[in-house]
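First the structure, in the form of structure tokens, and then the observations on it.
The values are calculated or read from the model by the stated rules, or taken from the named source; none is laboratory data. Just so we're clear, the structure is a prediction, and the values are computed from it rather than from any experiment. Positions of Cβ are generated from backbone atoms using ideal geometry, with glycine treated the same way; all protein chains shown enter the neighbour counts. Accessible surface is based on the protein model in full, side chains and every heavy atom, while ligands, DNA and RNA are left aside. Shrake-Rupley method; radii C 1.70, N 1.55, O 1.52, S 1.80 Å.
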Amino acid sequence: LFMENLAPNLKRQRLLVEGFLGGDVDEARVKGYFKHLCKKMGFQAYGEPIIHSPNGLGKEENQGYDAFLPLIDSGISVYIWSGSKFFSIIIFTCKDFDEGRAVEVTKNFWNADKTSHMSF
């Protein structure tokens, strides 16, 4: 996988973490993840999380949550498929962060037995 760096003068660190979560998900748990990750990683939010759920619109297998938290140094996007108990999370920052720690914090919060991740 190769992507040309069109703006080498702009710092960007991106981490995609995916996995199967343990337990049920609701809006409170999604908010809790944002709060927990920010605390453990030292990220600073400058707004409240935006959390959407299609509530029956669209395909049944795609029901869940789409959420975003703006950070002073970029943002975190969370996508949850409730029926499949699957998550896909993108952490995007304009500063360095410990990717291994972010993966562990995410895995532990969601009680995920199996995860996969990549930086880009």
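Tabulated data for the structure shown
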read-out: Hits in the stretch 40-60 (condition: part of a helix (DSSP H, G or I), of a type outside the set (A, V, I, L, M, F, W, C) and touching a helix residue (DSSP H, G or I) at 6+ places or on another chain (Cβ under 9 Å)); value: 40
read-out: In the stretch 14-38, residue least open to solvent (accessible area, probe 1.4 Å) [restricted to those that are without any contact (Cβ under 8 Å) to a residue 12 or more places away in the chain and within 14 Å of the chain's Cα centre (by Cα)]; value: 29
read-out: Any hit, the stretch 93-115, residues being closer than 29 Å to residue 7 by Cβ, open to solvent by 80 Å² or more (accessible area, probe 1.4 Å) and either of a type outside the set (D, E, K, R) or touching a Cys at 6+ places or on another chain (Cβ under 8 Å) (or both); value: no
read-out: Total residues in the stretch 92-120, condition part of a helix (DSSP H, G or I) and in contact with a strand residue (DSSP E or B) (Cβ under 8 Å, 6 or more places away or on another chain); value: 5
read-out: Hits in the stretch 1-13 (condition: polar (S, T, N, Q) and in contact (Cβ under 8 Å) with a residue 24 or more places away in the chain); value: 13
read-out: Residue 60 vs. criteria surrounded by fewer than 18 Cβ atoms within 10 Å (Cβ to Cβ), modelled with pLDDT of 95 or more and of a type in the set (Asp, Glu); value: no
read-out: Scan of the stretch 75-85 for residues that are part of a strand (DSSP E or B) and either out of contact with any strand residue (DSSP E or B) (no Cβ under 8 Å at 6 or more places or on another chain) or surrounded by 17 or more Cβ atoms within 10 Å (Cβ to Cβ) (or both), ordered by number; value: 75, 76, 78, 80, 81
read-out: Count of residues meeting criterion [among the aliphatic types (A, V, I, L, M) and either more than 15 Å from the chain's Cα centre (by Cα) or on the phi > 0 side of the Ramachandran plot (or both)] in the stretch 39-71; value: 1
